Every structure is written in C-alpha cells, then in structure tokens.
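Trainee: Structure incoming, see below.
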Amino acid sequence: MTQELILGIDFGGTKVALGLSDRAGNLLATSRISTDAECGADQVVTRALAAARALLAEDGAGASPVAVGVVSPGIVLPDRILLAPNVPGWEKLHLHDLVAAEFPGVPIATGTDAKAAALAEWKWGALAGTDPAMFLSLGTGIAAAVLVGGRVLPGANGAAGEIGYNLLAPQDTEGFTSGAAPLEEAVGGRGLGGRASEMLGRPVTAGELFRLARDNAQAKELVTSALDELSMHVANLAIAIDPQRIAVGGGLVRSADVILPALRERLACAVPFPPELVSAKFDQDAALRGAIALAQGT
C-alpha cells in the first residue's frame, strides 16, 4: 500500500478490533485480539499496540498512519476513563498518552465507542440522511448515542446516552452511587450470560442464550423478560428525543430476529411518533469505523 493510512482501534469488553483505512474511511485491513479483561488494563493496551504495529507491517507496508482513532467504553478523559467498569484498572489509563507514545507526532483522536459508532452509521451507514438519529449499542454493555444535525450529543460531561445506568424501579434509589448499572446488569450481554449460566448450571454466553430461547422454556423466559425491560427504556428514550430513525448495533444484534421485533412492537404501541428501527449497517464493527471517523477529524 502506498496511500495514506488511518489506524482505528476499538477497545471492547471482550475484544480489541483494529483496522486500517484510506483517507475516505474505506476499510482496507482488520485484525482482532481478545481483551483478556481478567488480566487487567495495561496488558490489553500493550498487546493492542503490538497488534497495531503488526497490522501496519503486514498490510500497510510498514508505513506509519497519518492519524489514529481510539475508542473505548466509558468517558475517555486525558488522565482517566470514567464509567468503564468491565476491565480492572481501565479507569486509571491515560489512553491518549499511551497511544501517542507509540505513534509520536501522529494526531490521536479518542472517544466513547457507542458515540463513535453512531457517527460512523451517520456518515456511511444506516443513519445517513436522518435527523435526529439514534444509535443503540447492545453488547457486553448497553449504551445509546443521539445525533442532531449530524453531530453526536456529548452531554455536559460526555455521558449523554449512558443508559446502562437507567433505574429499573422506584426502589432503585442509589443506582450509580452504589456501584450499580441497573439496566446494563439486567439486559447487557455480560449480565444475561451470567444469569443464564447460573440458571442452566454451565457457562452460557448471551448469544447462546438467545439461540436456546427458541426451544428452552427457561431461556425463553429470561430473554422475554430482558427484552420487555429493554424495550421500555428504548421507547422512553424515543419519546424524549423523537428520532427519525434508530439503528441497533453491537454483538447482541446477531440475534436481531428476536430483538428487533420486540423493540418495534413496543415503539409502535408506546411512542406517539414511532421512529424507524433498523439494524446497523456495521453491526459488528461500527465502533471501529467510528474510531476511523474520529481520526478523520484530526
């Protein structure tokens, strides 16, 4: 390759996705490594940067990138990352500085994965031409992002759309202050997998749970309860924002045939002006493409 390359890195709860694109944002090469979250934050970054160098060597002819975009769960600040509890030590990372040290002199853009994914879907995907637009990320965690006029709404603290912290009932009087993320624990992939494993007496992922729900009564009950809860929150968000379209992405969208009908039914019943609901175009790599979109703006 001789063209100028943009490097994107998406740090997720279970995997790190890396990609090289051209200036226009076209993905040219990708790779992926496991997060191995139980081993802590530092090793994730070290291995990801090594993988980035390998990707550049193998598919980028050894060139240095002209810009790097990095996304992560949580609120990425210069000296720490807030609201990212899934990897031990992640909150203490100086993510921008660590990446900048690996690529000195290269512009580095950092951001929240769901918000970056929303930007990618608006620029190149399922949210193109819509206003307002909403991206719903269903994976290890749960988050949403809202775009108005093609700009992602950050919120006063960068935390707009962190619906994983939504309360489930009036009795949830503490929520975040008690260390809880009530909605994420109820319907996120990690929480669903944990409850399914306990219920069935063996390790079960959220994706497997959705497959089991077709024939297993216990699994079906758990999935139905989770979708009832999730759809209520999505409907309330749609009532508040009045989006033209909602795109749903993230790892759980592999079960879109189960998830999307439940969401559509609730939106149709509860929302005065139901938005169009679609699968994200980039259902598994929207955050990676979002990292590239952020880097384009450096």
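Trainee: Count the net charge of all other residues whose Cβ sits under 12 Å from the Cβ of residue 254, scoring Lys and Arg as +1 and Asp and Glu as -1.
Mentor: -2
Trainee: Might you report the magnitude of the Cβ-based charge dipole of the chain about its Cα centre, with Lys and Arg at +1 and Asp and Glu at -1, to the nearest 20 debye?
Mentor: Dipole size: approximately 400 debye.
Trainee: Let me ask something else about it. Could you pull out every one of the aspartates and glutamates with an alpha carbon less than 16 Å from that of residue 115, ignoring same-chain neighbours closer than 8 positions?
Mentor: 10, 131, 162, 283, 285
Trainee: Which one, 64, 41, 268, is farthest towards the positive end of the dipole of the chain when Lys and Arg carry +1 and Asp and Glu -1 on their Cβ?
Mentor: Sorting the options by dipole projection puts first 64.
Trainee: Looking at the chain, what % of its DSSP beta bridges pair antiparallel, to the nearest 5?
Mentor: 55 percent
Trainee: Under 8 Å for C-alpha pairs, at least 6 residues apart: give me the relative contact order for the chain, rounded to a whole percent.
Mentor: In percent, rounded to a whole number, it is 20.
Trainee: So if R0 is 25 Å, what FRET efficiency would residue 131 and residue 156 give, r being the distance between their Cβ atoms, rounded to the nearest 0.05?
Mentor: E(calc), rounded to 0.05, equals 0.70.
Trainee: Tell me which DSSP H helices of the chain clear both cut-offs, 18 Å or more of axial length from alpha-carbon atoms and a mean Kyte-Doolittle hydropathy of at least -1.0.
Mentor: Length and hydropathy pass: 41-59, 217-241, 256-270.
Trainee: If you find the alpha carbon centre of segment 20-94 and of segment 185-232, how far apart are they in angstrom?
Mentor: If we compute the Cα centre of each part, the gap is 30 Å.
Where a number appears in this text, it was derived from the coordinates with a stated rule and is not lab data. Because the structure is predicted, anything quoted here is derived from the model rather than measured. No Cβ is skipped: glycine too gets one built from the backbone with ideal geometry, and neighbour counts run over all protein chains shown.
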